[in-house]
Each structure stands twice: as structure tokens, then as C-alpha cells.
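A short worksheet on the structure shown next.
The values are calculated or read from the model by the stated rules, or taken from the named source; none is laboratory data. Source: prediction; values computed, not measured. Positions of Cβ are generated from backbone atoms using ideal geometry, with glycine treated the same way; all protein chains shown enter the neighbour counts.
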Amino acid sequence: MTILFHNTTFDKIDVWKKTIKKYFKNEKIISIKDYKKFNDVNCAIIWNLPDDILSRLKNLKVIFSMGAGVDHILKLKNYNKKIPIIRIKDEEMGERIANYSLAQILNYQLNFKIFQNSQIKHYWSGERTPIDNKNLTVGILGLGFLGNHIARLLNKLNYNVIACKKNQTKVKNIKIYTGKNIISFIKSSDVVVSILPSTPQTNNIINRKFLKNMKKNSCLINIGRGNAIEEKDLLNHLKKNKNFYAYLDVFKNEPLKSSSQFWKLPNVTITPHVAGVTAIEPSVKYMYSKYKKLRKNKNVKSDVNPSNGY
Ligand code: GLV
């Protein structure tokens, strides 16, 4: 089989290439420059593949997303829903995203942003009482594979964890809300961690109404996708409520333009889409295990439902 590898945004692309060669040692690995071999390509390991390249891969049997999200594939006009997509489901990524969430929650509850802003002004802000874990309710918006990792870590550390998800299910130690009672979920949260996939249903879900229902001095962490936030509404909310904090890892348009107002606001922390960096070794190992199944059974079960959008 021939594998097309394409990714221009991730860190450590050399390590990715080496690791793919190590696992897929009997296969030919090509790049988008090797267009003469496109007809041989059966498998693609990709992140943000251009649509015109996808249209030229006529013999594709499987697509591996190099991350947890698959919106970068589903949005392509030339994506044929019959081609199975495998996305990364990995414990290390789960640990990374849980660590990221915890770091931003701690930043908020220990007033670090306030101290950072006062340092810029050379101003000793004085003692501020932190919020204790047991008194902080963290609401996880989107309780999938990764959301569960965050919930488990926070539960261990004595936070009060609640979650909002599509379907009502029982999860130990977590009060679950669904779309129907999302307002109660928002009103009960001191911190909202949004980890929603990008779908038509999640578009601008965090809008003026959502923000108005959040507690006045609370905090929003977005590590899902930028489509979930109506950015104009969030900017207005942040300007009006100086003690409301936003920790933003994802945006509607990435990279975030230097002209964006988000950069300038003292109650915003920006990171460049790094909350759930894919762990290379376990992810390639996972891809290879699925690939072996495909070779053996001539097909592989996709864990993505294109109609759901994730
Ligand atoms: C990152 O955003 C991912 O989808 O893994």
C-alpha cells in the first residue's frame, strides 16, 4: 500500500515521519509533491489536506486524522462519506488536555492573571484569597473521550464537576445536563470548559445569551473548536465584565490575526491551539493497529459518524 502523509502545522514533523516509517515499514510513504503516485494511495495520514489533493486520491480506503478532531476532513467538498475516518483516541492526549484545563482553572482560581497584569504595570496587587477546589464547580461542555479525561482528573482533585452533553447518561460523580437544561448547567458553573466538536449544532452556541447566564465573575475556557464562540458577543462580554476571564486555545480563524481585539484584553489568555497536542508514538501505533485490521479484513470500522459531524 502507499500512504500519503500531509501536515504543515504540527510540531516535530520529522519525528512524525520517522515514527510513521518505523511502524508502516513495509509501505511506501509519499507527500503531496509525489502527485504521479496519487493513484497508488490507499491510506492518508493527514491534518488539513487541501481539498483539490483529496479529489485526486481515487483509490483511498482509509483516512487517519492526526488529531481528535475530524472537522478538517468533513468540511472538504471532495470527502466521500464512504471512506472511513479514524481519529486519534489516546490516553496521553487525554492527559495533556486534562493538564491544560487544570492549568487554566488554577490560573483563574489563584488569580494569576491579575498578578501577571499587575506585574506588567510594576504594581504590587496585595493578598487575594484563592478559591478552594471543593468550592469550585467546573462545567464541562461536551463530555466525550477527552472531556471524560478532564472530568476524571478534576474529580480526583476534589473539584465539583458537572457536564453538559447531547444524551442523558449516568456518569459516576458527575451531574449530567443535556441541551434541554443547558441554562441550569451554565448558571451552576463557576468555570465552563468548552470541548465541543465543530458541527452545525455547536456553531455560536456560546453567544450573548449563554454568556449572560454565566456567573458574573466566572471563567470560560475554550479548548474544543472556535466555531462554538460568537466572537463579537464574547468580546463585548469581556469588555463589560472586567472580572470575567476567557482562556482561549481555539478560534474561528487560525492563526489568530494580530489585529484581533482578543490580544489586547487584560482578561483574556490566548494559547495557539495546543491544549491537546497529539502524542506521536501512541497515535502512530494506534493508526497502525487499525491499518493492520484494514489489511486483514479489507475494511475498517470508522469511529466517526459524518452525519453527526464528529
Ligand atoms: C486538536 O484540535 C485535535 O483535534 O486533536
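Annotations
- Residue in segment 121-131 that is within 16 Å of the chain's Cα centre (by Cα), in a loop (DSSP other than H, G, I, E, B) and of a type in the set (Gly, Ala, Ser) present: no
- Residue in segment 96-113 that is modelled with pLDDT of 95 or more, of a type in the set (Val, Ile, Thr) and buried (at least 19 other Cβ atoms within 10 Å of the Cβ) present: yes
- The listed residue being within 15 Å of Gly147 (Cβ to Cβ) and assigned by TED's automatic domain parsing to the domain that holds Glu231, out of Ile162, Ile186: Ile162
- Residue ranges of helices (runs of 4 or more DSSP H) in segment 1-113 with at least 1 members farther than 27 Å from Pro255 by Cα and assigned by TED's automatic domain parsing to the domain that holds Ser194: 91-109
- Residues (in contact with a helix residue (DSSP H, G or I) (Cβ under 9 Å, 6 or more places away or on another chain) and within 16 Å of the ligand (Cβ to nearest atom)) located in segment 45-70: Ile45, Ile46, Trp47, Asn48, Leu49, Ile63, Phe64, Ser65, Met66, Gly67, Ala68
- When we screen Asn148, Asn117, Asn135 for residues that are away from the ligand (no atom under 12 Å from the Cβ), surrounded by 13 or more Cβ atoms within 10 Å (Cβ to Cβ) and more than 20 Å from Thr199 (Cα to Cα), the only hit is Asn117.
- Considering segment 268-305, and only residues there that are among the polar types (S, T, N, Q) and more than 30 Å from Lys242 (Cα to Cα), the residue that is nearest to the ligand (Cβ to nearest atom) turns out to be Thr278.
- Filtered residue count, segment 270-310, keeping only those that are part of a helix (DSSP H, G or I) and under 23 Å from Leu102 (Cβ atoms): 3
- Test: residue in segment 20-41 that is under 18 Å from Ile85 (Cβ atoms), within 26 Å of the chain's Cα centre (by Cα), surrounded by 17 or more Cβ atoms within 10 Å (Cβ to Cβ) and at pLDDT 95 or above: yes
- Neighbours by Cβ (under 7 Å, 6+ apart or cross-chain): first from segment 1-19, free of Cβ contacts under 8 Å to residues at least 24 places away in the same chain; second surrounded by 13 or more Cβ atoms within 10 Å (Cβ to Cβ) and of a type in the set (A, V, I, L, M, F, W, C): Lys17/Phe5
- The set of residues in segment 251-267 being within 15 Å of the ligand (Cβ to nearest atom) and either assigned by TED's automatic domain parsing to the domain that holds Tyr23 or not polar (S, T, N, Q) (or both) consists of Phe251, Lys252, Glu254, Pro255, Leu256.
- Only one of the numbered conditions (1) touching a helix residue (DSSP H, G or I) at 6+ places or on another chain (Cβ under 9 Å); (2) crowded, with 16+ Cβ neighbours inside 10 Å; (3) not hydroxyl-bearing (Ser, Thr, Tyr) is violated by Lys209, and that is (2).
- Among residues of segment 180-206, those that are closer than 18 Å to Asn167 by Cα, among the small types (Gly, Ala, Ser) and crowded, with 21+ Cβ neighbours inside 10 Å, counted: 2
- Some residue of segment 168-175 being of a type in the set (Ser, Thr, Tyr), more than 24 Å from the chain's Cα centre (by Cα) and over 16 Å from Ser194 (Cα atoms): no
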